[in-house]
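S.K.: Shown below is the structure under consideration.
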């Protein structure tokens, strides 16, 4: 079963984002208390997989959780899913929308980091149904039926 490993949100541009024990997600807006809240519904929540931290470590770059600006760190690679797939976490329903680009803010940790993580930083999601997410919550991946 897939799980939420850590939660992060912050109003500043400083990375790593502060760690939360729970996050309140609002449909169409994102994570309350995050600087991206209400800005871009299709990029409301950033989901990163533990595998991206492993990839950075293999390049000799150790990062604390939240360093990639993610809101949810999960124990699977969201890049193995397709846009349109959904993540159900309790009552919360997220839909994968796009790959997160690598920005210059990651260079603060190591100048090589943007190149190492290119195309693998995480996946943006939109919040279809809001609610509270806790660390350790189970995640069900739902694949839409082809029409």
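S.K.: Does the range 56-69 contain at least one residue that is touching a residue at least 24 places away in the same chain (Cβ under 8 Å), outside any loop (DSSP other than H, G, I, E, B) and touching a strand residue (DSSP E or B) at 6+ places or on another chain (Cβ under 9 Å)?
M.R.: no
S.K.: Right, something else. Can you tell me how many residues in the range 83-110 are outside any loop (DSSP other than H, G, I, E, B), under 13 Å from residue 15 (Cβ atoms) and free of Cβ contacts under 8 Å to residues at least 60 places away in the same chain? Before the answer, list the steps.
M.R.: Taking the range 83-110 as the starting set, the residues that turn out to be outside any loop (DSSP other than H, G, I, E, B) are 86-89, 92-99, 104-108.
Applying the additional criterion that residues be under 13 Å from residue 15 (Cβ atoms) yields 104-108.
Imposing the further condition that a residue be free of Cβ contacts under 8 Å to residues at least 60 places away in the same chain reduces the set to 104, 107.
Total meeting the criteria: 2.
S.K.: How many residues does the range 138-147 hold that are surrounded by 20 or more Cβ atoms within 10 Å (Cβ to Cβ) and either over 16 Å from residue 45 (Cα atoms) or in contact with a helix residue (DSSP H, G or I) (Cβ under 8 Å, 6 or more places away or on another chain) (or both)? If you could, list the steps in order and put the result at the bottom.
M.R.: To start, the set of residues in the range 138-147 that are surrounded by 20 or more Cβ atoms within 10 Å (Cβ to Cβ) comprises 139.
Next, from what is left, pick out any that are either over 16 Å from residue 45 (Cα atoms) or in contact with a helix residue (DSSP H, G or I) (Cβ under 8 Å, 6 or more places away or on another chain) (or both): none.
Total meeting the criteria: 0.
S.K.: Hey, another quick one. Given the criterion under 11 Å from the mean Cα position of the chain (by Cα) and at negative phi, identify the matching residue among 111, 87, 68, 25.
M.R.: Working: 111 fails: under 11 Å from the mean Cα position of the chain (by Cα); 87 fails: under 11 Å from the mean Cα position of the chain (by Cα); 25 fails: under 11 Å from the mean Cα position of the chain (by Cα).
Checking each option against the conditions leaves just 68.
S.K.: Looking only at the range 120-137, count every residue that is part of a loop (DSSP other than H, G, I, E, B) and either surrounded by 15 or more Cβ atoms within 10 Å (Cβ to Cβ) or free of Cβ contacts under 8 Å to residues at least 40 places away in the same chain (or both) and tell me the total.
M.R.: Looking only at the range 120-137, we keep the residues that are part of a loop (DSSP other than H, G, I, E, B), and these are 120-122, 130, 135-137.
Keeping just the survivors that are either surrounded by 15 or more Cβ atoms within 10 Å (Cβ to Cβ) or free of Cβ contacts under 8 Å to residues at least 40 places away in the same chain (or both) gives 120-122, 130, 135, 137.
Adding up the residues that qualify gives 6.
S.K.: Kindly evaluate residue 113 against the criterion of being buried (at least 20 other Cβ atoms within 10 Å of the Cβ) and over 19 Å from residue 8 (Cα atoms). Working first, answer last.
M.R.: Values: buried (at least 20 other Cβ atoms within 10 Å of the Cβ): yes; over 19 Å from residue 8 (Cα atoms): yes.
So residue 113 passes the test.
S.K.: Is one or more of the residues making up the range 24-38 within 16 Å of residue 109 (Cβ to Cβ) and either in contact with a strand residue (DSSP E or B) (Cβ under 7 Å, 6 or more places away or on another chain) or in contact (Cβ under 8 Å) with a residue 12 or more places away in the chain (or both)?
M.R.: no
Where a number appears in this text, it was derived from the coordinates with a stated rule and is not lab data. Remember, it's a predicted structure, so these values are computed and weren't measured experimentally. Note that each Cβ is placed from the backbone with ideal geometry, even for glycine, and that neighbours are counted across all protein chains shown.
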